[in-house]
Amino acid sequence: MEYLQTNRLIQKILFLVSIGFSLHAYSQYEEEEHATGEKIFPTQKFDAVEARNALAKGTATLKGKAFTKLRDPLGFKNPFADKIYANQITVELFPYTSYYAEWYDLKRKKENVKRKKIVYMDSQAYENRLTCVTNKVGDFTFPDMKPGKYILVGTLPWSQTGYNDRYNGS
């Protein structure tokens, strides 16, 4: 009896799966893929030795707090807005070499996600970084650092919802 019930269940699942495949294969409309956009890379050659030397152990400790503030409707940061702290995000630290400086400059000046212009870095350059995770209130620490200049990168995902009541009259 259990064998028959199991066998019928398997047949139903296979039937539903075959319907799903047939609907996909013979769909009336198919959405076109989006263009991949423009990929921008730094023009300088990456120097791995320079990056490793900059990330070698030292005696300094780098501490910080990751947060953002709400922007007003025109896109400006509101200095009186409450801070939104980075809870459990990864902070990446890159040494400030000529390659990373050009990459950072390109990101600030040329990257436009809406227009699909994205700045990338060499995969070997991306491997030469240090990472840490923030706590609930955005604190992060990089111990045993050499004194010098660094680029810190972190992505803080957050969303906001709200509503507005409007009285239209009687």
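Numerical summary
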read-out	value
Unique residue being among the charged types (D, E, K, R), under 25 Å from Ala48 (Cα atoms), modelled with pLDDT of 90 or more and surrounded by 15 or more Cβ atoms within 10 Å (Cβ to Cβ) when the list is Arg108, Arg129	Arg129
Selected residue [touching a strand residue (DSSP E or B) at 6+ places or on another chain (Cβ under 7 Å) and within 22 Å of Gln44 (Cα to Cα)] from Val133, Val137, Val119	Val119
Inter-residue pairs, beta-carbon under 6 Å, first under 24 Å from Pro95 (Cα atoms) and hydrophobic (A, V, I, L, M, F, W, C) and in the range 152-166, second open to solvent by less than 100 Å² (accessible area, probe 1.4 Å) and part of a loop (DSSP other than H, G, I, E, B), 6+ apart	Leu156/Ala86; Leu156/Ile89
Among the candidates Tyr85, Tyr120, Tyr26, residue that is among the aromatic types (Phe, Trp, Tyr), open to solvent by 80 Å² or more (accessible area, probe 1.4 Å), under 15 Å from Val153 (Cβ atoms) and at pLDDT below 95	Tyr120
Test: residue in the range 53-64 that is of a type in the set (Val, Ile, Thr), open to solvent by 100 Å² or more (accessible area, probe 1.4 Å) and within 28 Å of Asp139 (Cα to Cα)	yes
Residue match in the range 43-59 (condition: within 30 Å of Trp158 (Cα to Cα), outside any loop (DSSP other than H, G, I, E, B) and of a type in the set (Val, Ile, Thr))	no
Any pair with Cβ under 9 angstrom, 6 or more apart, that starts in the range 65-82 at a residue that is closer than 19 Å to Gly154 by Cβ and among the hydroxyl-bearing types (Ser, Thr, Tyr) and ends at one that is part of a loop (DSSP other than H, G, I, E, B) and open to solvent by 90 Å² or more (accessible area, probe 1.4 Å)	Thr68/Trp158
Residue that is nearest to Val153 (Cα to Cα) [pool: residues in the range 102-113 that are in a helix (DSSP H, G or I) and touching a residue at least 12 places away in the same chain (Cβ under 8 Å)]	Tyr104
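The values are calculated or read from the model by the stated rules, or taken from the named source; none is laboratory data. Just so it is clear, the model here is predicted, and its values are computed rather than measured. Virtual Cβ from ideal backbone geometry, glycine too; neighbours counted across all protein chains shown. Note: accessible area is taken over every heavy atom of the protein model, side chains too, but ligands, DNA and RNA are not part of it. Shrake-Rupley method; radii C 1.70, N 1.55, O 1.52, S 1.80 Å.
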